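The values are calculated or read from the model by the stated rules, or taken from the named source; none is laboratory data. Keep in mind that this is a model prediction, so the values were computed, not measured. When we count neighbours, we look across all protein chains shown, and the Cβ atoms used for this are built from the backbone with ideal geometry, even at glycine. Surface accessibility is based on the protein's heavy atoms, side chains included, excluding ligands, DNA and RNA. Shrake-Rupley method; radii C 1.70, N 1.55, O 1.52, S 1.80 Å.
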Amino acid sequence: MYTLLIADDETDERALIVFLLKSYPESFHILEASNGREALSVLQRGRVDILLSDIQMPFLNGIELATEAKKLYPDTEILFFSGYDDFEYVKNALSLRAVNYILKPVSPEEFDKSLNEIVKRLDSQKIEFTQSEEYIETRFRGEVIPSGQTISENASAAADTLLLRSIELAIKLKQPEKLTAQVRELLHKYRDTPNLSHIYIRYICTTLLQLLMDAAPEQTEEDFQKAVREIYTFRHFSDIVDLIERYLDMAAASIRQELDAPNYAVHQVKQYIHLHYAEDLSLNLLADLVYLNPKYLSNIFTQSTGCNLNKYIRRVRMEKACGLLLDTNMKVSDISQAVGYPNPSYFCKTFQEIYGTTPDRFRQGTERA
């Protein structure tokens with residue numbers, strides 16, 4: 001069912017249009033406004049598929065109203081009617097992509113012909129949601145380009161893949177501004193692509209949606225499935241854009257909240273140390289990781305953990321060494337290498353300073369126990 005707004009300051013004319021619409025085979029959700037300002041208020045409250053507007057109205061004329069309508073919903077269909085056979089009005093109407101311009105009194109035959117053209121155009125934009133849940137799960141939640149999918153020559157699938165990966169990286173690196181810019185770049189690319197498969201566009205948007213929802217931890221699998229259905233049932237790309245923008249705002253807000261947390265940088269550094277303890281871990285390297293000045297990172301790390309970075313790295317490495325001594329038969333020299341100490345002698349000295357015994361005796365003492 002299409003939503004249709006009749007904007008006319010003449011009550012009898014609105015009544016005539018409503019009467020003609022009731023005899024039309026298509027069912028409409030009909031809204032009315034008695035002047036341009038009231039009509040704009042209706043438009044601001046929700047999408048209207050078809051705007052039937054008089055040209056001359058109080059507060060806001062039909063051309064001004066249609067201009068605002070196009071700003072809100074670029075694909076709104078417009079039909080003007082007026083008692084003024086003015087060529088300038090006709091030119092303005094055509095510049096706003098009005099389907100037709102009908103003179104008052106409205107002719108039922110002319111109105112019916114114009115409305116038929118509008119409905120056919122709206123119907124042609126429909127994409128029925130014929131994919132089952134299983135189809136969506138298997139085809140729209142894996143790699144960016146499904147195997148064997150035929151894509152219009154106008155689509156740069158490789159570029160889409162790179163851009164989606166870049167969006168994913170922006171999420172991982174906690175870069176909300178870059179994330180926002182790249183998502184909007186992708187959406188802008190498909191805003192006006194009449195020759196491209198609607199299924200492919202919806203597929204790309206579904207893949208993008210999943211990345212954004214994964215970045216917003218409060219979103220559930222049920223939320224994702226509901227949003228996918230919306231993407232596949234929307235008739236207008238602008239509706240898909242609005243939905244993606246909503247989840248983009250959520251994802252960016254979630255990232256900013258993490259970045260604003262005082263201990264976030266420390267948490268990142270600790271995570272990195274636990275994953276890369278076998279590698280060379282310098283203060284400069286860790287500071288670059290979280291985009292902080294080395295001295296500043298050192299200060300906030302000490303404040304947060306109660307020990308400086310070098311001591312923390314050493315503690316992590318020694319804990320890993322203890323695990324290897326207890327759970328494996330690796331040589332001490334190999335364990336030394338495995339926990340980030342190329343020099344076995346220095347490793348043994350450090351181990352003894354912390355545990356009061358050598359690695360060999362530590363292993364032997366545990367075995368006797």
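Okay, here's what the table says:
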read-out	value
Listed residue pairs exceeding 23 Å between alpha carbons, taken from 71/189; 295/349; 22/104; 22/113	295/349
Alpha carbon convex hull of the range 187-279, volume per residue in cubic angstrom	136 Å³
Computed over the range 215-369: relative contact order in percent, which uses C-alpha pairs under 8 Å that are six or more apart	15 percent
FRET efficiency, residue 310 to residue 233 (Cβ-Cβ, R0 51 Å, nearest 0.05)	0.30
Protein accessible area in the range 240-369, 1.4 Å probe - carbon and sulfur %	48 percent
Student exercise, the range 283-331 dipole from Lys, Arg, Asp, Glu Cβ charges, in Debye to nearest 20	180 debye
Ranked by how many other beta carbons lie within 10 Å on average, peptides 171-178, 209-216 from highest	209-216, 171-178
Average accessible surface area per residue within the range 198-337, 1.4 Å rolling probe, Å²	51 Å²
